[in-house]
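Worksheet: the structure to be examined is printed underneath.
The values are calculated or read from the model by the stated rules, or taken from the named source; none is laboratory data. Since we're looking at a predicted model, the values are computed, not measured. Positions of Cβ are generated from backbone atoms using ideal geometry, with glycine treated the same way; all protein chains shown enter the neighbour counts. Side chains are part of the model used for accessible areas, which takes the heavy atoms of the whole protein and leaves out ligands, DNA and RNA. Shrake-Rupley method; radii C 1.70, N 1.55, O 1.52, S 1.80 Å.
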Amino acid sequence: QVQLVDSGGGLVQAGASLRLSCDAPGGTFSFYAMAWFRQAPGKEREFAAAIGWRLDGTTYYSDSLKGRFAISRDNAKNMVYLQMNGLKPEDTAVYYCAARIGSADERPSEYASWGQGTQVTVSS
């Protein structure tokens, strides 16, 4: 069980940038793969990006987001980030950070720990 706190969302215009943050307990953070998912109104939660645990920093992205979004982690600060550039109205969703022991995964059901979600709204 890992308690996550995600933040950084807001209301922005198309083309703007945001950086989402996720704060995790320091005791086990290094052993967890971290990910970001998003859920728009009326849609299922979908994969956005993931990064491997401390000794495996491989990153993974949804094809539609590759090149605009970047995930990173700071193990010293027990933080994971999602840098979002060139935001589009279709990016509007609640964004959640998630953690699991082991390798990264694109399936929400594989993650046991979640943040409360942070709202990202992009106007046209």
Filtered residue count, the range 8-34, keeping only those that are over 14 Å from Asn78 (Cα atoms) and among the small types (Gly, Ala, Ser): 7
Among all residue pairs at least 6 apart or on different chains, which show Cβ distances below 8 Å where the first residue, located in the range 106-118, is within 17 Å of Phe31 (Cβ to Cβ) and the second is open to solvent by 70 Å² or more (accessible area, probe 1.4 Å) and assigned to a loop (DSSP other than H, G, I, E, B)? Ala112/Gln1; Ser113/Gln1; Ser113/Gln3
Which residues, taken from the range 67-124, are open to solvent by 30 Å² or more (accessible area, probe 1.4 Å), touching an Asp or Glu at 6+ places or on another chain (Cβ under 8 Å) and assigned to a loop (DSSP other than H, G, I, E, B)? Asn78, Ser103, Gln116
Among the numbered conditions (1) in contact (Cβ under 8 Å) with a residue 40 or more places away in the chain; (2) within 10 Å of the chain's Cα centre (by Cα), tell me where Asn78 comes up short. (2)
